[in-house]
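Input: a single structure, listed below in C-alpha coordinates.
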Amino acid sequence: MRTKNLIIGFGCLLIVVIALSMSTKSQKPEEKAKFEVIEIGTGADPQWSPDGTKLSFLSNGWLCLANADGRGEVQKLFEIPKTEYRYHWLDSTEFLFQETEYQRDEKGKLLKISNRMTGISLNGIKRKIVESEQDLASPFFFSAPIFMPDGTVGYYQFPPGKSWVSDDALFKVIKQGRLRPDSSLKQLRAMIIPSTPYGIEGDVWIESFDKSVRKKITTGKLYSFPELSPDGTKILVGLRVVDLDGNEIHIGKGGVDTANISESSLDPKWSPDSKKIAYTRVTAKILDLDGQAIEDIAGKIHIANADNGSDLQIIEIPDVVAVGPVWSLDGTKIAFTGKNTGKVYVTKLK
(Lines give C-alpha, C1' and ligand atoms only; values in the text may rest on other atoms or scores of the structure.)
Protein backbone atom coordinates (compact mmCIF):
# COMPACT_ATOMS: atom_id res chain seq x y z
CA MET A 1 0.00 0.00 0.00
CA ARG A 2 2.79 2.31 0.95
CA THR A 3 4.60 1.53 -2.29
CA LYS A 4 1.42 2.25 -4.24
CA ASN A 5 1.04 5.63 -2.53
CA LEU A 6 4.64 6.48 -3.31
CA ILE A 7 4.10 5.62 -6.97
CA ILE A 8 0.94 7.76 -7.09
CA GLY A 9 2.73 10.64 -5.34
CA PHE A 10 5.69 10.42 -7.68
CA GLY A 11 3.33 10.42 -10.66
CA CYS A 12 1.54 13.54 -9.41
CA LEU A 13 4.89 15.25 -8.82
CA LEU A 14 6.01 14.35 -12.33
CA ILE A 15 2.81 15.81 -13.79
CA VAL A 16 3.37 19.07 -11.86
CA VAL A 17 7.00 19.31 -13.05
CA ILE A 18 5.97 18.72 -16.66
CA ALA A 19 3.20 21.31 -16.39
CA LEU A 20 5.56 23.89 -14.91
CA SER A 21 8.13 23.14 -17.62
CA MET A 22 5.54 23.59 -20.36
CA SER A 23 4.34 26.83 -18.73
CA THR A 24 7.88 28.17 -18.55
CA LYS A 25 8.54 27.30 -22.18
CA SER A 26 5.32 28.97 -23.25
CA GLN A 27 6.35 32.17 -21.43
CA LYS A 28 9.75 32.48 -23.07
CA PRO A 29 8.49 34.19 -26.26
CA GLU A 30 6.53 36.63 -24.09
CA GLU A 31 9.64 37.38 -22.03
CA LYS A 32 11.58 38.20 -25.18
CA ALA A 33 8.79 40.50 -26.40
CA LYS A 34 8.77 42.66 -23.27
CA PHE A 35 7.11 45.52 -25.13
CA GLU A 36 4.06 45.39 -27.32
CA VAL A 37 5.29 46.37 -30.77
CA ILE A 38 3.05 47.46 -33.64
CA GLU A 39 4.40 47.52 -37.19
CA ILE A 40 3.08 50.62 -38.95
CA GLY A 41 4.56 50.38 -42.44
CA THR A 42 7.65 50.56 -44.63
CA GLY A 43 9.47 53.86 -44.25
CA ALA A 44 11.37 56.15 -41.89
CA ASP A 45 11.18 59.46 -39.97
CA PRO A 46 7.86 58.90 -38.15
CA GLN A 47 6.02 61.85 -36.59
CA TRP A 48 2.87 61.86 -34.47
CA SER A 49 -0.23 63.72 -35.58
CA PRO A 50 -1.39 66.49 -33.21
CA ASP A 51 -4.24 64.33 -31.88
CA GLY A 52 -1.90 61.34 -31.34
CA THR A 53 -4.00 58.89 -33.38
CA LYS A 54 -1.91 58.78 -36.56
CA LEU A 55 1.69 58.65 -37.71
CA SER A 56 3.19 60.27 -40.78
CA PHE A 57 6.38 58.86 -42.28
CA LEU A 58 8.44 58.92 -45.43
CA SER A 59 8.31 55.98 -47.83
CA ASN A 60 9.77 55.67 -51.34
CA GLY A 61 9.45 59.35 -52.21
CA TRP A 62 6.03 59.82 -50.58
CA LEU A 63 4.76 61.26 -47.33
CA CYS A 64 2.44 58.63 -45.90
CA LEU A 65 -0.16 58.52 -43.14
CA ALA A 66 -1.22 55.53 -41.04
CA ASN A 67 -3.23 54.81 -37.91
CA ALA A 68 -0.98 54.62 -34.85
CA ASP A 69 -2.63 51.37 -33.78
CA GLY A 70 -1.52 49.71 -37.02
CA ARG A 71 -5.05 49.10 -38.25
CA GLY A 72 -6.29 50.01 -41.72
CA GLU A 73 -4.38 50.86 -44.88
CA VAL A 74 -1.40 53.19 -45.22
CA GLN A 75 -2.42 56.34 -47.11
CA LYS A 76 -0.09 58.05 -49.57
CA LEU A 77 -0.59 61.79 -49.14
CA PHE A 78 1.74 63.44 -51.66
CA GLU A 79 5.19 63.16 -53.22
CA ILE A 80 7.87 64.84 -51.17
CA PRO A 81 10.36 67.44 -52.47
CA LYS A 82 13.49 66.10 -54.10
CA THR A 83 15.65 68.69 -52.33
CA GLU A 84 17.21 68.45 -48.88
CA TYR A 85 14.40 69.08 -46.40
CA ARG A 86 12.79 68.52 -43.01
CA TYR A 87 9.10 68.26 -42.27
CA HIS A 88 6.83 68.81 -39.25
CA TRP A 89 3.13 68.72 -38.45
CA LEU A 90 1.93 72.33 -38.35
CA ASP A 91 -1.58 71.36 -37.25
CA SER A 92 -4.01 68.50 -37.91
CA THR A 93 -4.51 69.55 -41.55
CA GLU A 94 -1.11 70.82 -42.71
CA PHE A 95 2.60 70.01 -42.74
CA LEU A 96 5.51 72.42 -42.64
CA PHE A 97 8.38 71.69 -45.02
CA GLN A 98 11.76 73.39 -44.85
CA GLU A 99 13.74 72.85 -48.04
CA THR A 100 17.30 73.66 -49.03
CA GLU A 101 18.39 73.52 -52.68
CA TYR A 102 21.98 73.89 -53.86
CA GLN A 103 22.67 75.46 -57.26
CA ARG A 104 25.92 74.43 -58.97
CA ASP A 105 27.69 75.22 -62.22
CA GLU A 106 28.62 72.66 -64.90
CA LYS A 107 31.76 71.69 -62.96
CA GLY A 108 29.87 71.16 -59.75
CA LYS A 109 30.99 74.37 -58.06
CA LEU A 110 28.41 75.64 -55.58
CA LEU A 111 26.96 78.99 -56.65
CA LYS A 112 23.87 79.71 -54.58
CA ILE A 113 21.73 78.25 -51.83
CA SER A 114 17.95 78.50 -51.98
CA ASN A 115 15.84 78.09 -48.84
CA ARG A 116 12.09 77.66 -48.72
CA MET A 117 9.51 77.12 -46.03
CA THR A 118 6.24 75.76 -47.39
CA GLY A 119 2.94 74.65 -45.90
CA ILE A 120 1.45 71.55 -47.54
CA SER A 121 -2.06 70.37 -46.68
CA LEU A 122 -3.09 66.73 -46.40
CA ASN A 123 -4.41 66.82 -49.97
CA GLY A 124 -1.14 68.27 -51.32
CA ILE A 125 -2.11 71.95 -51.69
CA LYS A 126 0.95 74.17 -51.13
CA ARG A 127 1.31 77.68 -49.72
CA LYS A 128 4.56 79.64 -49.62
CA ILE A 129 5.54 80.87 -46.18
CA VAL A 130 9.00 82.31 -46.84
CA GLU A 131 11.62 81.89 -49.55
CA SER A 132 15.12 83.23 -50.11
CA GLU A 133 18.10 82.81 -52.40
CA GLN A 134 21.54 83.70 -51.08
CA ASP A 135 25.14 83.61 -52.13
CA LEU A 136 27.67 81.67 -50.09
CA ALA A 137 28.68 84.68 -48.01
CA SER A 138 25.25 84.80 -46.36
CA PRO A 139 23.59 81.40 -46.82
CA PHE A 140 20.76 81.81 -44.30
CA PHE A 141 17.99 84.37 -44.45
CA PHE A 142 15.71 82.67 -41.92
CA SER A 143 16.04 80.06 -39.21
CA ALA A 144 14.59 76.59 -38.92
CA PRO A 145 11.01 76.58 -37.58
CA ILE A 146 10.69 77.01 -33.81
CA PHE A 147 7.96 75.08 -31.98
CA MET A 148 6.95 76.37 -28.56
CA PRO A 149 5.11 74.38 -25.84
CA ASP A 150 1.95 76.52 -26.12
CA GLY A 151 1.59 75.72 -29.83
CA THR A 152 3.23 78.82 -31.28
CA VAL A 153 5.26 78.11 -34.43
CA GLY A 154 7.53 80.68 -36.02
CA TYR A 155 10.99 81.46 -37.33
CA TYR A 156 13.66 84.16 -37.18
CA GLN A 157 14.22 86.39 -40.19
CA PHE A 158 17.72 87.80 -40.50
CA PRO A 159 18.92 90.99 -42.18
CA PRO A 160 21.32 90.46 -45.12
CA GLY A 161 24.71 89.30 -43.91
CA LYS A 162 23.50 88.74 -40.34
CA SER A 163 22.81 85.57 -38.37
CA TRP A 164 20.29 84.72 -35.68
CA VAL A 165 22.53 86.04 -32.91
CA SER A 166 22.02 89.48 -34.38
CA ASP A 167 19.85 91.91 -32.39
CA ASP A 168 18.27 92.88 -35.72
CA ALA A 169 16.73 89.41 -36.21
CA LEU A 170 12.92 89.45 -36.18
CA PHE A 171 10.66 86.64 -35.02
CA LYS A 172 7.85 85.86 -37.48
CA VAL A 173 4.80 83.89 -36.37
CA ILE A 174 3.52 81.13 -38.65
CA LYS A 175 0.91 79.85 -36.22
CA GLN A 176 -0.24 81.63 -33.06
CA GLY A 177 -0.38 79.51 -29.90
CA ARG A 178 -2.48 79.73 -26.76
CA LEU A 179 -0.48 82.42 -24.94
CA ARG A 180 -0.26 86.11 -25.74
CA PRO A 181 2.44 87.15 -28.23
CA ASP A 182 4.25 89.09 -25.46
CA SER A 183 4.23 86.23 -22.96
CA SER A 184 7.76 85.62 -21.66
CA LEU A 185 6.77 82.06 -20.73
CA LYS A 186 6.02 81.33 -24.37
CA GLN A 187 8.98 83.21 -25.74
CA LEU A 188 11.69 81.65 -23.60
CA ARG A 189 13.97 79.55 -25.80
CA ALA A 190 17.46 78.08 -25.94
CA MET A 191 19.92 79.45 -28.47
CA ILE A 192 23.64 79.44 -29.23
CA ILE A 193 25.91 82.48 -29.22
CA PRO A 194 28.74 81.15 -31.40
CA SER A 195 32.21 81.24 -29.90
CA THR A 196 33.91 79.53 -32.83
CA PRO A 197 34.91 80.97 -36.19
CA TYR A 198 32.45 78.62 -37.91
CA GLY A 199 29.43 79.69 -35.87
CA ILE A 200 28.33 76.10 -35.34
CA GLU A 201 29.07 75.61 -31.66
CA GLY A 202 29.22 77.96 -28.72
CA ASP A 203 27.86 79.08 -25.38
CA VAL A 204 24.19 78.43 -24.67
CA TRP A 205 21.87 81.32 -23.79
CA ILE A 206 18.22 81.69 -22.85
CA GLU A 207 16.49 84.44 -24.79
CA SER A 208 12.97 85.71 -25.40
CA PHE A 209 11.83 86.53 -28.91
CA ASP A 210 11.51 90.23 -28.09
CA LYS A 211 15.05 90.29 -26.51
CA SER A 212 13.65 91.46 -23.15
CA VAL A 213 14.99 88.29 -21.49
CA ARG A 214 18.53 87.12 -22.14
CA LYS A 215 20.64 84.97 -19.84
CA LYS A 216 23.94 83.25 -20.49
CA ILE A 217 23.75 79.63 -19.31
CA THR A 218 27.19 78.23 -20.16
CA THR A 219 30.64 79.79 -20.51
CA GLY A 220 33.61 78.38 -22.33
CA LYS A 221 31.95 75.10 -23.32
CA LEU A 222 31.12 74.32 -26.91
CA TYR A 223 27.65 72.96 -27.57
CA SER A 224 25.47 72.42 -30.64
CA PHE A 225 21.71 72.54 -31.22
CA PRO A 226 20.32 73.18 -27.72
CA GLU A 227 16.70 72.13 -27.10
CA LEU A 228 14.63 73.69 -24.33
CA SER A 229 12.55 71.24 -22.30
CA PRO A 230 8.76 71.51 -22.76
CA ASP A 231 8.40 73.02 -19.28
CA GLY A 232 11.18 75.57 -19.94
CA THR A 233 13.35 74.55 -16.97
CA LYS A 234 16.19 72.60 -18.60
CA ILE A 235 18.16 72.44 -21.84
CA LEU A 236 19.18 69.32 -23.74
CA VAL A 237 22.47 69.73 -25.62
CA GLY A 238 23.58 66.48 -27.16
CA LEU A 239 23.59 63.92 -24.36
CA ARG A 240 23.80 66.50 -21.59
CA VAL A 241 21.04 68.15 -19.58
CA VAL A 242 21.85 71.68 -18.42
CA ASP A 243 19.68 73.54 -15.91
CA LEU A 244 19.19 77.32 -16.08
CA ASP A 245 22.09 77.83 -13.65
CA GLY A 246 24.53 76.01 -15.93
CA ASN A 247 24.73 72.76 -13.94
CA GLU A 248 24.86 69.70 -16.16
CA ILE A 249 24.43 65.96 -16.00
CA HIS A 250 25.28 63.36 -18.62
CA ILE A 251 22.62 61.20 -20.23
CA GLY A 252 23.48 57.77 -21.61
CA LYS A 253 26.76 56.00 -22.03
CA GLY A 254 29.78 57.30 -23.85
CA GLY A 255 31.09 55.80 -27.04
CA VAL A 256 32.86 52.43 -26.91
CA ASP A 257 35.36 51.47 -29.60
CA THR A 258 37.30 48.22 -29.91
CA ALA A 259 39.12 46.65 -32.82
CA ASN A 260 35.91 45.90 -34.70
CA ILE A 261 32.98 47.10 -32.55
CA SER A 262 31.76 50.66 -32.00
CA GLU A 263 28.97 51.74 -29.65
CA SER A 264 27.41 55.18 -29.39
CA SER A 265 24.39 56.99 -27.94
CA LEU A 266 22.31 59.09 -30.34
CA ASP A 267 18.99 60.86 -31.00
CA PRO A 268 18.10 62.28 -27.54
CA LYS A 269 14.47 63.49 -27.29
CA TRP A 270 12.54 65.18 -24.45
CA SER A 271 9.42 63.50 -23.13
CA PRO A 272 6.31 65.72 -23.16
CA ASP A 273 6.42 66.10 -19.36
CA SER A 274 10.15 67.03 -19.37
CA LYS A 275 10.93 64.25 -16.88
CA LYS A 276 12.50 61.72 -19.24
CA ILE A 277 14.74 61.54 -22.27
CA ALA A 278 14.64 58.84 -24.93
CA TYR A 279 17.82 58.07 -26.80
CA THR A 280 19.24 55.34 -29.02
CA ARG A 281 22.17 53.09 -28.16
CA VAL A 282 23.62 51.63 -31.37
CA THR A 283 26.23 48.90 -31.71
CA ALA A 284 28.05 48.79 -35.03
CA LYS A 285 30.50 46.36 -36.54
CA ILE A 286 33.49 47.93 -38.29
CA LEU A 287 34.04 46.24 -41.64
CA ASP A 288 37.26 47.81 -42.91
CA LEU A 289 40.62 48.95 -41.54
CA ASP A 290 39.82 52.64 -41.99
CA GLY A 291 36.63 52.39 -39.95
CA GLN A 292 34.63 53.95 -42.75
CA ALA A 293 32.45 50.94 -43.60
CA ILE A 294 30.24 49.88 -40.70
CA GLU A 295 27.21 47.69 -40.20
CA ASP A 296 24.71 48.38 -37.43
CA ILE A 297 24.13 45.09 -35.62
CA ALA A 298 22.07 46.24 -32.63
CA GLY A 299 19.98 49.22 -31.60
CA LYS A 300 18.12 49.76 -28.34
CA ILE A 301 16.00 52.68 -27.14
CA HIS A 302 16.84 53.84 -23.63
CA ILE A 303 14.53 55.94 -21.45
CA ALA A 304 16.57 58.03 -19.01
CA ASN A 305 15.66 60.09 -15.95
CA ALA A 306 16.21 63.76 -16.86
CA ASP A 307 17.12 64.65 -13.25
CA ASN A 308 20.02 62.24 -12.75
CA GLY A 309 20.70 60.57 -16.12
CA SER A 310 20.00 57.03 -14.94
CA ASP A 311 18.23 54.60 -17.26
CA LEU A 312 14.63 53.79 -16.34
CA GLN A 313 13.76 51.44 -19.20
CA ILE A 314 15.49 49.80 -22.14
CA ILE A 315 13.43 48.90 -25.19
CA GLU A 316 15.05 46.05 -27.10
CA ILE A 317 13.15 44.55 -30.02
CA PRO A 318 14.49 41.20 -31.30
CA ASP A 319 16.13 41.44 -34.74
CA VAL A 320 15.38 45.21 -35.04
CA VAL A 321 18.00 47.97 -34.92
CA ALA A 322 15.78 50.61 -33.30
CA VAL A 323 16.71 54.25 -33.99
CA GLY A 324 15.11 57.70 -33.99
CA PRO A 325 12.66 57.52 -31.04
CA VAL A 326 9.69 59.94 -31.16
CA TRP A 327 7.41 60.41 -28.13
CA SER A 328 3.63 60.39 -28.43
CA LEU A 329 2.02 63.56 -27.08
CA ASP A 330 0.75 61.79 -23.94
CA GLY A 331 4.15 60.20 -23.28
CA THR A 332 2.82 56.63 -23.21
CA LYS A 333 4.19 55.42 -26.55
CA ILE A 334 7.26 55.80 -28.72
CA ALA A 335 7.50 55.53 -32.50
CA PHE A 336 10.82 54.55 -34.04
CA THR A 337 12.47 53.28 -37.21
CA GLY A 338 14.03 49.86 -37.71
CA LYS A 339 17.24 50.84 -39.45
CA ASN A 340 17.90 47.31 -40.65
CA THR A 341 14.29 46.50 -41.56
CA GLY A 342 13.30 49.80 -43.18
CA LYS A 343 10.03 49.87 -41.23
CA VAL A 344 8.24 52.13 -38.75
CA TYR A 345 7.10 50.75 -35.39
CA VAL A 346 5.22 51.88 -32.30
CA THR A 347 5.73 50.48 -28.82
CA LYS A 348 3.82 51.14 -25.60
CA LEU A 349 5.91 52.07 -22.57
CA LYS A 350 5.56 50.34 -19.24
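The values are calculated or read from the model by the stated rules, or taken from the named source; none is laboratory data. It should be emphasised that the depicted structure is a prediction, and the values quoted were computed from it without experimental measurement. Note that each Cβ is placed from the backbone with ideal geometry, even for glycine, and that neighbours are counted across all protein chains shown.
Of the residues that sit in the stretch 227-256 and are touching a Gly at 6+ places or on another chain (Cβ under 9 Å) and in a loop (DSSP other than H, G, I, E, B), which one is nearest to GLN187 (Cα to Cα)?
It comes out as LEU244.
Within the stretch 91-111, which residues are modelled with pLDDT under 95, more than 16 Å from GLU133 (Cβ to Cβ) and under 19 Å from the mean Cα position of the chain (by Cα)?
Result: ASP91, PHE97.
For residues that are modelled with pLDDT under 85 and either small (Gly, Ala, Ser) or within 13 Å of the chain's Cα centre (by Cα) (or both), scanning just the stretch 267-298, find the one that is surrounded by the most Cβ atoms within 10 Å (Cβ to Cβ).
ALA284
Pairs only if they're at least six apart or on different chains, beta carbon under 9 angstrom, first in the stretch 316-334 and free of Cβ contacts under 8 Å to residues at least 24 places away in the same chain, second hydroxyl-bearing (Ser, Thr, Tyr); list them, first residue then second.
ASP319/THR341
Looking only at strands (runs of 3 or more DSSP E) that fall completely inside the stretch 67-130, which ones have 3 or more residues that are more than 14 Å from GLN47 (Cα to Cα) and out of contact with any Leu (no Cβ under 8 Å at 6 or more places or on another chain)? Give the steps one after another, and end with the answer.
On the way: elements: 75-79, 84-91, 94-104, 110-121.
In the stretch 67-130, 94-104, 110-121 are the strands (runs of 3 or more DSSP E) which contain 3 or more residues that are more than 14 Å from GLN47 (Cα to Cα) and out of contact with any Leu (no Cβ under 8 Å at 6 or more places or on another chain).
Working only within the stretch 149-168, note down all residues that are within 25 Å of THR233 (Cβ to Cβ), at pLDDT below 85 and either more than 25 Å from the chain's Cα centre (by Cα) or among the hydrophobic types (A, V, I, L, M, F, W, C) (or both).
Scanning the stretch 149-168 gives TRP164, VAL165.
For the stretch 112-143, name all the residues that are among the aliphatic types (A, V, I, L, M) and at pLDDT below 85.
Matches in the stretch 112-143: ILE113, LEU136, ALA137.
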